[in-house]
Amino acid sequence: MRMQECIDLNTRNVFIRGASTIPVLSKDERLLEYDIDKVVYEQRSQFQKILIVHSRSLGNLLLLDDLQNLSESDLIYTETLMQRGKENYRGKEIVILGGGDGALLHELLKEEPKYVVMIEIDELVMKAAAKYLRSCCGDVLDTLKGDNYETAEDREIEVRISVG
């Protein structure tokens, strides 16, 4: 294998196999390679490091504390998470814990639930997603409240949970 380039990444020497990929060392010590061509957004909130990069194959890619969270090509992830086609959300009340990228909220609203509350602690994630992950979240993070949904960050809300 011909090594074209060697860079220091988190105090480790990482060899790049091809000129078109950028290696990322994950928190669990896996070496991931992406075809990243630019950093779109980078900010540290009081909770985490927020990074959105552009990948030629994945579109914009959200990383939280250097862990891949969601890319514009990850609709299948969101659909699997919500069990689209297996779970009926019509007329139901739903609580999303986290979900600051807005993708799950956006997709759930297509299923005509009665009401959805998304509880997210990091407003910066929601602002970044609203601007740079539009294909994932649509416009649900623009107003943070609609006819049948609301997002709650940095305030108290009352949620009644029933199991079964």
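None of the figures in this text is laboratory data; all of them are computed from the coordinates on show. If you're wondering where the values come from, they're calculated on a predicted model, not measured in any experiment. So basically every Cβ, Gly included, is an ideal-geometry build from the backbone, and we count neighbours across all protein chains shown.
Points worth noting:
- Footprinting exposure proxy ranking of Asp122, Asp35, fewest other C-beta atoms within 10 angstrom first, gives Asp35, Asp122.
- For the range 27-66, the Kirkwood estimate of the hydrodynamic radius, built from every pair of different alpha carbons, is 10.9 Å.
- The Rg/Rh ratio for the range 75-152, using Cα coordinates for both the radius of gyration and the Kirkwood hydrodynamic radius, is 0.93.
- Under-5 Å amide H pairs with Phe47, H placed in peptide plane, nonlocal only: none
- Note, ³J(HN,Hα) from phi for the range 118-128, Karplus 6.51, -1.76, 1.60, rounded to Hz, x at Gly and Pro: 10, 9, 9, 8, 10, 4, 5, 4, 5, 5, 5
- Exceeding the 18 Å Cα-Cα cut-off - candidates Lys86/Lys110; Lys38/Lys131; Lys110/Lys145; Lys92/Lys131; Lys86/Lys145: Lys92/Lys131; Lys86/Lys145
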